[in-house]
Amino acid sequence: MLIVEGLSKKTIASTDESWLFKDVNLTVSAGEMVAIMGKSGVGKTTLLNSLCGLLPINDGKCTVDGVQLTNVGKRRVRQNLRESVSLVFQSPHLVPGFTLLQNVQLAWSISGKRSPFPPHEVLDRLDIEDERNQLPESVSGGQAQRTAIARSLVTPAKVILADEPTAALDGGNVGKALSELRKACAESGKCVVLVTHDFAIASHCERVLHLEGGKLRESSSSRN
Ligand SMILES: Nc1ncnc2c1ncn2[C@@H]1O[C@H](COP(=O)(O)OP(=O)(O)O)[C@@H](O)[C@H]1O
Ligand SMILES: [Mg+2]
């Protein structure tokens, strides 16, 4: 379970009391998929990077099953990113010179090969079969993005933070990506926090939250 309590961060020029977000509270249970929406520039990416400890915060905290993600040293942040929280960045950030399969295997190996989702199977289900032995620089943006999603699924982390993970995908592949994320929630008790601009994608989530004016507010409920 992901628990965010009173998370606050000042804007970059933070000599005054100007907050990018203030007193953000959020609880996401095992098995739940939650969407965060909001206009470009409101701080969605910064919020995700702050939740997992990659960016410093000014107040509050975030934990996963009692493990502290915020206000910890760099070594602990690295450990948390191997064991407790997986990220899908807005751009894929694959390791150049490693094939798509090797990129996913790398995450799987680093996290101790404890995931019930083996790399080649996850890639198959995301329709990366013929391309799995190609390098990131020679595949499409959508194929690279699906590989980044696969990489987030093969670790034992209980929380996946995904920043517009389907923005580069066509309709069919959006469906596949969402169904793999949902399967990880249902079968492995993971939870997903997904930033999206797409109301159709948000409608697949149990809850939709809006980031606006530095506040995260629940805007609608229930998935069909
Ligand atoms: N490390 C940071 N600390 C504080 N503010 C930041 C930081 N990085 C980016 N910002 C500010 O956050 C604002 C929102 O950026 P971003 O999180 O990328 O928005 P979004 O993902 O919602 O489009 C930008 O105005 C940027 O200046
Ligand atoms: Mg963003």
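With only alpha-carbon pairs counted, each pair once and no self-pairs, how large is the Kirkwood hydrodynamic radius of the chain in angstroms?
Hydrodynamic radius (Kirkwood, Cα only) of the chain equals 17.6 Å.
As a check on your grasp of the helix formula, calculate [θ] at 222 nm for the chain: sum -39500 (n - 2.57) over DSSP H runs of n ≥ 4, divide by the residue count, round to the nearest 500. Before the final figure, lay out the partial values.
Values: 7 runs with 71 residues, N = 224.
After summing the helix terms and dividing by the residues of the chain, the value is -9500 deg cm²/dmol.
Ignoring ligands, DNA and RNA, how do VAL34, VAL95 rank by accessible area with a 1.4 Å probe, largest first?
Listed by decreasing accessible area, they come as VAL95, VAL34.
Report the GluC sites (Glu not before Pro) located in the stretch 7-83 that are in a DSSP loop and have at most 15 other Cβ atoms inside 10 Å of their Cβ, or state none.
GLU17
What is the stretch 165-220 by shape, rounded, prolate or oblate, if you read a ≥ b ≥ c off the alpha carbon gyration tensor as root eigenvalues and call it rounded for a/c under 1.5, prolate for a/b larger than b/c, and oblate otherwise? Walk me through the numbers before you get to the answer.
Numbers: a/c = 2.39, a/b = 1.37, b/c = 1.75.
Taking the square roots of the gyration eigenvalues as a ≥ b ≥ c, the stretch 165-220 is oblate.
Enter the accessible area per residue of the stretch 6-78 (Å², integer; probe 1.4 Å; all protein chains in place).
Per residue, the stretch 6-78 has 50 Å² of solvent-accessible surface.
Probe radius 1.4 Å, ligands and nucleic acids ignored: give me the carbon and sulfur share of the accessible area of the chain as a rounded percent.
Working: 5110 of 10250 Å².
Of the solvent-accessible surface of the chain, carbon and sulfur hold 50 percent.
Given +1 on the Cβ of Lys and Arg, -1 on the Cβ of Asp and Glu, and no further charges, what dipole in debye does the chain carry about its Cα centre, rounded to the nearest 20?
Details: 26 positive and 24 negative charges, 132 e Å.
Here the chain has a charge dipole of around 640 debye.
The values are calculated or read from the model by the stated rules, or taken from the named source; none is laboratory data. Given the structure is predicted, the values throughout are model-derived calculations rather than measurements. Don't worry about glycine lacking a Cβ; one is built from the backbone with ideal geometry, like all the others, and counts go over all protein chains shown. Just the protein is used for accessible areas: all its heavy atoms, side chains included, with ligands, DNA and RNA removed. Shrake-Rupley method; radii C 1.70, N 1.55, O 1.52, S 1.80 Å.
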